[in-house]
């Protein structure tokens, strides 16, 4: 099992979706859960579970962006991390939130896990 050290970048995502607007090494954002899942399958990987995310070496540092997790509850998907752009409490990595899988904005990204 290999967890990507970095979030998926715009450059990587643009190879998958050529019409993606950005082409740089910043984390890809404005991606909903379905798009993240589709990309993960394309790369023959998957999104992390909450447990895997928490076990990463940086799982408890201050967060700068939300990350989609592989699961959720009811009709919602889990995001872990936080965002320095919103509220101070959202910067603490133990913070989690459930959101609609169609939700996307500039504060949400994802990383991959290869089994």
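The values are calculated or read from the model by the stated rules, or taken from the named source; none is laboratory data. These figures come from a predicted structure and were not determined experimentally. All Cβ positions, glycine included, derive from the backbone under ideal geometry; neighbour counts span all protein chains shown.
Which condition from (1) in contact with a strand residue (DSSP E or B) (Cβ under 6 Å, 6 or more places away or on another chain); (2) closer than 14 Å to residue 106 by Cα; (3) assigned to a loop (DSSP other than H, G, I, E, B) is the one that residue 25 breaks?
(2)
Scan the stretch 40-57 and report the pairs whose first residue is on the phi > 0 side of the Ramachandran plot and whose second residue is not in a helix (DSSP H, G or I), with Cβ atoms within less than 8 Å and a gap of 6+ or a chain change.
44/114
Here is a list of conditions, (1) surrounded by 13 or more Cβ atoms within 10 Å (Cβ to Cβ); (2) modelled with pLDDT of 95 or more; (3) within 20 Å of residue 4 (Cβ to Cβ), and residue 41 meets all of them except one; can you say which number that is?
(1)
Please work out which one of (1) in contact (Cβ under 8 Å) with a residue 24 or more places away in the chain; (2) part of a helix (DSSP H, G or I) is the condition residue 11 fails and give its number.
With respect to (1) in contact (Cβ under 8 Å) with a residue 24 or more places away in the chain; (2) part of a helix (DSSP H, G or I), residue 11 is out only on (1).
In the stretch 12-49, what count of residues is obtained for those that are out of contact with any helix residue (DSSP H, G or I) (no Cβ under 7 Å at 6 or more places or on another chain) and under 16 Å from residue 103 (Cα atoms)? Full working, then the answer.
From the stretch 12-49, those out of contact with any helix residue (DSSP H, G or I) (no Cβ under 7 Å at 6 or more places or on another chain) are 12, 14-15, 17-19, 21, 27, 29-38, 40-41, 43-45, 48-49; that's our starting set.
Narrowing the set further to residues that are under 16 Å from residue 103 (Cα atoms) leaves 29-38.
Selection size over the stretch 12-49: 10.
Consider the stretch 25-38. How many of its residues are free of Cβ contacts under 8 Å to residues at least 40 places away in the same chain and within 13 Å of residue 12 (Cβ to Cβ)?
The total comes to 2.
Run residue 51 past the list (1) closer than 16 Å to residue 115 by Cα; (2) in a helix (DSSP H, G or I); (3) modelled with pLDDT of 95 or more and report the number of the one that doesn't hold.
So the condition that residue 51 fails would be (3).
Within the stretch 1-17, work out how many residues are more than 11 Å from residue 109 (Cβ to Cβ) and at pLDDT below 95.
Number of matching residues: 5.
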